[in-house]
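Below is one structure, written out as structure tokens; the observations come after it.
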Amino acid sequence: DQQVKQNSPSLSVQEGRISILNCDYTNSMFDYFLWYKKYPAEGPTFLISISSIKDKNEDGRFTVFLNKSAKHLSLHIVPSQPGDSAVYFCAAATSGSARQLTFGSGTQLTVLP
Amino acid sequence: NAGVMQNPRHLVRRRGQEARLRCSPMKGHSHVYWYRQLPEEGLKFMVYLQKENIIDESGMPKERFSAEFPKEGPSILRIQQVVRGDSAAYFCASSPRTGGGNQPQHFGDGTRLSIL
């Protein structure tokens with residue numbers, strides 16, 4: 001039972017344009033959400049997070065949007081750069097679960113120069 | 001990668017041998033988590049530890065797998081009598097002691113375990 005789903009295994013975007021990565025979840029107890037970026041042969045790198053009390057969090061080129069009623073979050077990267085090419089993982093946690101993260105299966109983003 | 005150190009980076013074992021994976025958390029971090037990633041999948045939670053305590057091991061297989069985080073030294077994930085299905089990337093993450101609120105976990109670069 002996949003509680004966090006990333007339905008697009010891959011996404012290609014032109015350099016300078018916006019990249020939108022999507023994530024859906026089924027567990028209504030999740031109240032903390034994170035995005036990680038992962039390059040081959042490296043560990044995931046934390047990008048940005050959002051608590052369920054917010055619907056938007058912004059950090060530089062990265063913005064995460066949370067729609068609790070739809071159980072959906074998205075990561076916007078603008079402008080996209082070739083160095084953003086990586087696998088992006090969405091993750092979720094509940095405050096009372098000792099903070100174990102539940103990950104989606106990832107989306108491979110390719111930014112074309 | 002964010003100061004979490006894992007070793008070895010690559011480990012090859014034959015079926016039936018033991019595998020030991022080590023993780024040193026970031027300085028100042030007292031919470032350690034282990035995750036496993038199979039090919040083409042996301043990371044799956046295995047166990048959450050604090051110094052000398054296992055807090056949550058709900059993701060650990062019931063047999064052959066164990067984890068510890070001693071008072072001194074790194075956290076160890078031990079897999080006894082390895083089988084081919086144990087081949088995966090094992091990631092360790094750490095986070096600081098928190099007085100409240102959420103803190104992101106920071107990951108090491110993983111150990112790639114291959115079973116011959």
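The values are calculated or read from the model by the stated rules, or taken from the named source; none is laboratory data. Quantities reported herein were computed from a predicted structural model and do not represent experimental measurements. Here Cβ is always computed from backbone atoms with ideal geometry, including for glycine, and neighbour counts include all displayed protein chains. Surface accessibility is based on the protein's heavy atoms, side chains included, excluding ligands, DNA and RNA. Shrake-Rupley method; radii C 1.70, N 1.55, O 1.52, S 1.80 Å.
For chain A, treating each Cα as an identical point scatterer without solvent, what Debye log10 I(q)/I(0) comes out at q = 0.11, 0.19, 0.22 1/Å?
-0.32, -0.95, -1.24
Could you sort B:Val12, B:Val32 by accessible area so the largest value comes first, with the probe set to 1.4 Å?
Output order, biggest surface exposure first: B:Val12, B:Val32.
To the nearest 20 debye, what is the magnitude of the charge dipole of the protein assembly as shown about its Cα centre, counting +1 on the Cβ of each Lys and Arg and -1 on the Cβ of each Asp and Glu?
Approximately 480 debye in magnitude.
For the pair B:Ser66 and A:Asn27, how long in nm is the line joining their label points, each one 7 Å along Cα→Cβ?
So the two model labels end up 2.8 nm from each other.
List the residues of the stretch A:79-112 that lose 40 Å² or more of accessible area once all protein chains are present, compared with their chain alone (1.4 Å probe, heavy atoms only, no ligands or nucleic acids).
A:Ala98, A:Arg99, A:Gln100, A:Leu101, A:Phe103
Calculate the spin-label point distance for A:Ile53 paired with B:Gln17, positioning each point 7 Å from the Cα along the beta-carbon direction, and give it in nanometres.
5.1
How many nm separate the modelled label positions at A:Gln81 and A:Ser95, each set 7 Å beyond the Cα in the direction of the Cβ?
So the two model labels end up 3.6 nm from each other.
Rounded to the nearest whole Å², what accessible area per residue is found for the protein assembly as shown with the 1.4 Å probe?
49
Please report, for the Cα atoms of the stretch B:24-116, the Rg to one decimal and the Dmax as a whole number; what are they, in angstrom?
Spelled out, the Cα radius of gyration and Dmax of the stretch B:24-116 are 13.3, 45 Å.
Cα to Cα, under 13 Å, and not fewer than 8 places away if on the same chain: which aspartates and glutamates meet these conditions relative to B:Lys71?
In chain and number order, the partners are B:Glu52.
How many angstrom lie between the Cα centre of the stretch A:21-38 and the Cα centre of the stretch B:1-41?
Each part's Cα centre sits 23 Å from the other's.
What pairs in A:Lys56/B:Lys51; A:Lys37/B:Lys51; A:Lys38/A:Lys71; A:Lys68/B:Lys44 have C-alpha atoms more than 30 Å from each other?
Result: A:Lys56/B:Lys51 exceed 30 Å.
Rounded to the nearest 20 Debye, what is the dipole magnitude of the stretch A:51-95 about its Cα centre when Lys and Arg each give +1 and Asp and Glu each give -1 at the C-beta?
So the magnitude is around 180 debye.
How much accessible surface area, in Å² rounded to 10, belongs to the heavy atoms of B:Arg14 with a 1.4 Å probe?
Accessible area of B:Arg14: about 150 Å².
Using only the Cα atoms, work out Rg/Rh for the protein assembly as shown, with Rh taken as the Kirkwood radius, to two decimals.
Rg/Rh: 0.97.
If I ignore ligands, DNA and RNA and count only protein heavy atoms, how much of B:Cys92 is accessible to a 1.4 Å probe, in Å² to the nearest 10?
About 0 Å², rounded to the nearest 10.
Give the calculated FRET efficiency between B:Gln80 and A:His72 to the nearest 0.05, with a Förster radius of 35 Å applied to their Cβ-Cβ distance.
0.25
Assuming R0 = 22 Å, what is the FRET efficiency of B:Glu40 and B:Leu116, from their Cβ-Cβ distance, to the nearest 0.05?
With R0 = 22 Å, the Cβ-Cβ based efficiency is 0.55.
At 1.4 Å probe size, with the rest of the protein present, what percent of the exposed accessible area of chain A is carbon and sulfur atoms?
About 50 percent, which is the carbon plus sulfur part of the accessible surface.
With the contact rule set at Cα under 8 Å and sequence spacing of 6 or more, what percent relative contact order holds for chain B?
That works out to 37 percent.
Tell me the net charge near A:Cys90. Cut-off is 13 Å between Cβ atoms, A:Cys90 excluded, with +1 for each Lys or Arg and -1 for each Asp or Glu.
Counting the neighbours of A:Cys90, the net charge comes to +3.
Am I reading the B/A interface right? What is its buried accessible area, both sides, 1.4 Å probe, to the nearest 100 Å²?
Chains B and A together bury roughly 1800 Å² of accessible area.
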